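*Asks:* A single structure is presented below for examination.
The values are calculated or read from the model by the stated rules, or taken from the named source; none is laboratory data. Note that the structure is predicted; figures quoted are calculated from it, not measured. Cβ sites come from the backbone with ideal geometry, for glycine too, and all protein chains shown count toward neighbours. When the accessible area is computed, the model is the full protein with side chains, heavy atoms only, and any ligands, DNA or RNA have been set aside. Shrake-Rupley method; radii C 1.70, N 1.55, O 1.52, S 1.80 Å.
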Amino acid sequence: MLKKSLFVPVFVCFAFLAVAMMPAAAPAAGPVELSYSVFFPPSHAQAKCAESWAKEIEKRTNGAVKINIFAGGTLTKGPQVYEGVLNGISDIGMSCFAYTAGRFPVMSAIDLPLGYPNGMCASLTANDYAMSVNPPEIQDVKLLYVHAHGPGLLSSKKPVEKLADMAKMKVRATGFSAKVVEALGGVPVAMGQGEAYEALKTGVVEGTMTPIETLKGWKQAEVIKDTTLCYSVGYTTGMYVVMNKDKWASLSPEVQKVFTEVSAEWPKVHGEAWDKADEEGKEYTLSLGNKLIPLSDKESDAWRKAVDPVIANYAAESADGAKRVELLKGLIKKNSSAK
């Protein structure tokens, strides 16, 4: 009886000792936090698209990922976004291929003046092209998706109604839009959108080749007077969303799958936003008393013929150049009716 009565407290002591010696449970892991550098200002429609993409990632991963957005170049300026992602300054970045001249020869074909009709077509075409060619020049990061603005047009401080009016005009331009300006007789001045307002205001440049949405999104309607509707030379600017490759590799396969699925959906979201912003840009510039100048059919043909050498020169620069141009033309045709 005594032995039995001693057994219970001894057993209890051993049980408590065993529990005490067990390793402490690890604290619950928090979400994976990622930084996202966006060169658009926070109020811009495309910054809002970046926010909605991030929220959708967070939603579909059930909070396993949290994305902190740094808009307006607060983490890295537009021309430094790609290098910032590459070097781990930010985990994710959105900016323009054209901001790093010469680095992306294959992707730069997107920016040719191929007559993009709207932002939806441009965004879908740019993403389809990027995923199709997947060139070596972007293998040092994880490309998530590409989008592109609606047709780049000429906005200026004085009216441009015919090709001759472009002669010697100093025009803000980047990437292939600089070659377009030159082909049209103007003098291209390289700078990002963030610098264009002040340059137009102070007369450093007399015009800008840009989608009409910038007249509201970047407030440029305040410092121009006219927009020439030169759709026949409508170019676009390819914009990447990329992730640091090591950060991508650190994500679980399940989380990577969510990123891939959401990213495949978002070029259309951007396309819708680009087209809505273009309409708002038109309304805004007209509300300030600025004018929209349509080109006659004859002038449109003259402008298109003037930029044909830009396209031909790109096609001739490499063995695959002509093939890339034809691919883009086919994708534009395919995506022209997309909604």
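*Asks:* Which value at 222 nm does the chain reach when only helices count, each DSSP H run of 4 or more adding -39,500 (n - 2.57), with the total divided by all residues and rounded to the nearest 500 deg cm²/dmol?
*Replies:* Helix contribution divided over all residues of the chain: -15000 deg cm²/dmol.
*Asks:* Amide H neighbours of Ser90 under 5 Å, counting only residues 5+ apart in sequence or on other chains, H built in-plane at 1.01 Å?
*Replies:* Residues meeting the criterion, in which the H sits 1.01 Å from N, are Val85.
*Asks:* Please check: in the Gaussian network model of the chain (C-alpha springs, under 10 Å), which one of Thr236, Thr174, Thr260 has the largest mean-square fluctuation.
*Replies:* In the Gaussian network model the winner is Thr260.
*Asks:* Running a GNM on the chain with Cα contacts under 10 Å, which residue among Arg172, Arg324, Arg103 ends up with the highest mean-square fluctuation?
*Replies:* Arg103
*Asks:* Hey, another quick one. What is the chain's relative contact order, in percent, from Cα pairs under 8 angstrom and six or more apart in sequence?
*Replies:* Once divided by the residue count of the chain, the mean separation gives 23 percent.
*Asks:* Now a separate question. With +1 assigned to the C-beta of every Lys and Arg and -1 to the C-beta of every Asp and Glu, and no other charges, what is the dipole magnitude of region 188-251 about the Cα centre in debye, to the nearest 20?
*Replies:* 200 debye
*Asks:* For each pair in Lys157/Lys179; Lys219/Lys334; Lys225/Lys282; Lys168/Lys291; Lys168/Lys323; Lys162/Lys276, compute the distance between the two Cα atoms and list the pairs where it is over 24 Å.
*Replies:* As for pairs spanning more than 24 Å Cα to Cα, those are Lys219/Lys334; Lys168/Lys323; Lys162/Lys276.
*Asks:* Any idea what the dipole of the chain comes to, in debye rounded to 20, about its Cα centre with Lys/Arg Cβ at +1 and Asp/Glu Cβ at -1?
*Replies:* With only Lys, Arg, Asp and Glu charged at Cβ, the dipole is about 560 debye.
*Asks:* Once you have a ≥ b ≥ c as the square roots of the Cα gyration tensor eigenvalues for region 266-321, tell me rounded if a/c is under 1.5, and otherwise prolate or oblate according to whether a/b is larger than b/c. It would help to have the intermediate numbers written out before the result.
*Replies:* On the way: a/c = 3.91, a/b = 1.42, b/c = 2.76.
Oblate.
*Asks:* Let a ≥ b ≥ c be the square roots of the eigenvalues of the Cα gyration tensor of region 216-339; is it rounded (a/c under 1.5), or, if not, prolate (a/b larger than b/c) or oblate?
*Replies:* Oblate shape, in that a/c is at least 1.5 and b/c is the bigger or equal ratio.
*Asks:* Keeping the other protein chains in place, figure out the carbon and sulfur percent of the accessible area of region 26-168, with a 1.4 Å probe. Can you show the working numbers first?
*Replies:* Working: 2990 of 5390 Å².
Roughly 55 percent, rounded to a whole number.
*Asks:* Hey, what D do you get for region 147-258 in µm²/s if you plug the Kirkwood alpha-carbon radius into Stokes-Einstein at 10 °C and 1.306 mPa s?
*Replies:* After rounding, the answer is 104 µm²/s.
*Asks:* Given a 1.4 Å probe, how much area per residue of the chain is accessible, in Å²?
*Replies:* Per residue, the chain has 47 Å² of solvent-accessible surface.
*Asks:* Could you please report the charge total around Asn244, scoring K, R as +1 and D, E as -1 over all other residues with beta-carbon less than 14 angstrom from its beta-carbon?
*Replies:* -2
*Asks:* Name the most mobile residue of Ser263, Ser250, Ser123, meaning the one with the largest mean-square fluctuation, in a Gaussian network model of the chain with Cα contacts below 10 Å.
*Replies:* Residue with maximal mean-square fluctuation among Ser263, Ser250, Ser123: Ser250.
*Asks:* May I pose another question? What is the Cα radius of gyration of the chain over 2.2 N^0.38 Å, N being its residue count?
*Replies:* In units of the globular-protein estimate, the chain measures up at 1.30.
*Asks:* Another question, then. So how far, in whole Å, is the C-alpha centre of region 90-150 from the one of region 260-314?
*Replies:* 16 Å
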